[in-house]
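The values are calculated or read from the model by the stated rules, or taken from the named source; none is laboratory data. Just so we're clear, the structure is a prediction, and the values are computed from it rather than from any experiment. Cβ placement follows ideal geometry from the backbone for every residue including glycine, while neighbour counts extend to all protein chains displayed. For accessibility, only protein heavy atoms count, side chains too; no ligands or nucleic acids. Shrake-Rupley method; radii C 1.70, N 1.55, O 1.52, S 1.80 Å.
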Amino acid sequence: RCMEKASKSLEKLQPGQLELVKTLQEAVRNHGRVDLMKEIKTGKFMAVKRMPTSWVRGSQDEFLKAHPNSSELPWFDVGLVNYLESRGFPYLCESKGLFKDESHTYVAANFASGGDLFAWCDRGPTLGPEREAEMRPMVRQFLSATCWLHELGIGHRDLSLENILLTTDERG
């Protein structure tokens, strides 16, 4: 139901609604990329996954018919985020909308200004007690989030340093 609801929540991306700031990373498996964009009306930044609509299709059913063996499931991912938000799951980048234009589908979420844990490891303190002390609260949150997912009967299936996003915001 969450996937069906997600596909029905697609909004038309209005010209001048979002401004590209920079590309954050390529999303090769999704045939797209993740961009840092600014919402013109509010000036707020968001991370926006941009994928060709010809690949994403208009719904989960259409996607599965076109790509029955795909390991990527964009509608499932969006539906799962919506489900977790409805359950009050606090360890998400808040969804900011689902948009499309003539050629692309855009999945927008809060921007995690601290980057990912992999990049933090490269720029953070060197190995030792200081690094361990800084990592403790992050590890505690990560384990809490993972336990909560398991209590909901959800397995993440892609836990990695690149998928742990950091922010100083209360909700990111």
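On the beta carbon distance between Ile40 and Glu85, with R0 = 25 Å, the FRET formula returns roughly 0.55. Here the dipole of the chain is about 340 debye; that uses its Cα centre as origin and unit charges on the Cβ of Lys and Arg (positive) and Asp and Glu (negative). Along the axis of the charge dipole computed for region 45-172 (Cβ charges of +1 for Lys and Arg, -1 for Asp and Glu, origin at the Cα centre), the listed residues His67, Gly88, Phe111 are led at the positive end by His67. In this label model, Thr146 and Lys65 are separated by 4.0 nm, measuring between points 7 Å along each Cα→Cβ vector.
So for region 115-172, considering every pair of alpha-carbon atoms, how many percent are separated by more than 16 Å? Please list the in-between numbers first.
Values: 835 of 1653 pairs.
Summing the P(r) tail past 16 Å for region 115-172 gives 51 percent.
Any chance you could list the semi-axes, whole Å, largest first, of the equivalent ellipsoid that the Cα gyration tensor gives for region 1-75, using √(5λ)? Could you put the intermediate results ahead of the total?
Values: eigenvalues 123, 49, 17 Å².
Taking √(5λ) for each Cα gyration eigenvalue gives 25, 16, 9 Å.
Between Ser113 and Glu162, residue separation times 0.36 nm minus the direct Cα-Cα distance comes to 16.3 nm. Computed extension length for Ile154-Lys22: 44.2 nm, one decimal, from 0.36 nm per residue of separation with the Cα-Cα distance subtracted.
Using a 1.4 Å probe on the protein heavy atoms, what percent of the accessible area of the chain belongs to carbon and sulfur? Intermediate values should be presented prior to the final figure.
On the way: 5800 of 11020 Å².
Using a 1.4 Å probe with all protein chains present, the chain comes out at 53 percent carbon and sulfur.
If you take the beta carbon distance between Asp122 and Glu4 as r and set R0 to 41 Å, what does 1/(1 + (r/R0)^6) give as a FRET efficiency, to the nearest 0.05? Don't skip to the end; give the middle numbers.
On the way: r = 41 Å, r/R0 = 0.99.
Calculated value: 0.50.
Can you tell me what the convex hull of the Cα atoms of the chain projects to on average, as an area in nm²? Walk me through the intermediate numbers first.
Values: hull surface 43.4 nm².
Averaging across all directions leaves 10.9 nm² for the Cα convex hull.
Taking the longest Cα principal axis of the chain as reference, the axis of helix 129-151 is set at about 40 degrees. Against the main long axis of the alpha-carbon atoms of the chain, helix 74-86 sits at an angle near 60°.
Counting only pairs 8 or more residues apart or on different chains, how many lysine pairs in the chain have their Cα atoms under 12 Å apart? If you can, show how the numbers build up before the last one.
Details: Lys8/Lys100; Lys12/Lys100; Lys22/Lys38; Lys38/Lys96; Lys44/Lys96; Lys49/Lys96; Lys49/Lys100.
Value for the chain: 7.
Among the trypsin sites (Lys or Arg not before Pro) in region 46-154, those placed in a DSSP loop whose Cβ has at most 15 other Cβ atoms within 10 Å are Arg87.
Pick out which of His67, His31, His156 has the largest mean-square fluctuation in a Gaussian network model of the chain, springs linking Cα atoms closer than 10 Å. Result for the chain, Cα springs under 10 Å: His156 fluctuates most.
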